[in-house]
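The values are calculated or read from the model by the stated rules, or taken from the named source; none is laboratory data. Treat the numbers as computed from the prediction; the structure is a model and nothing was measured. Glycine also receives a Cβ, built like all others from the backbone with ideal geometry; neighbour counts cover every protein chain displayed. SASA here: full protein model, heavy atoms, side chains in, ligands and nucleic acids out. Shrake-Rupley method; radii C 1.70, N 1.55, O 1.52, S 1.80 Å.
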Amino acid sequence: MLVDLYAIYQGLSLAIDVKIEELLCYSDSLHCINLITGLNVKYHVHAVLIQDIRSCLLTTMFLFAT
């Protein structure tokens, strides 16, 4: 799961760096998508990474699909 979350984060960071304004992100990891779009992951082992992904999503118009 760490690898999937990290790949999502790196992809979003790259898209932000090259100023892509709209992006549709596909993932085969429904669990990761649920963690990112869910409510509270405060005590999850990857909570910091999930919060970083959420921060990227707040500043852009990126969408997820499974």
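Restricting attention to the stretch 48-66 and to residues that are at pLDDT below 90 and among the β-branched types (Val, Ile, Thr), the residue that is surrounded by the most Cβ atoms within 10 Å (Cβ to Cβ) turns out to be Thr60.
Checking every residue in the stretch 27-47 against the condition of being in contact (Cβ under 8 Å) with a residue 40 or more places away in the chain, under 16 Å from Leu12 (Cα atoms) and either open to solvent by less than 80 Å² (accessible area, probe 1.4 Å) or within 8 Å of the chain's Cα centre (by Cα) (or both) gives zero matches. Within the stretch 1-26, which residues are open to solvent by 100 Å² or more (accessible area, probe 1.4 Å), touching a residue at least 12 places away in the same chain (Cβ under 8 Å) and not in a helix (DSSP H, G or I)? Across the stretch 1-26, the qualifying residues are Glu21, Glu22, Tyr26.
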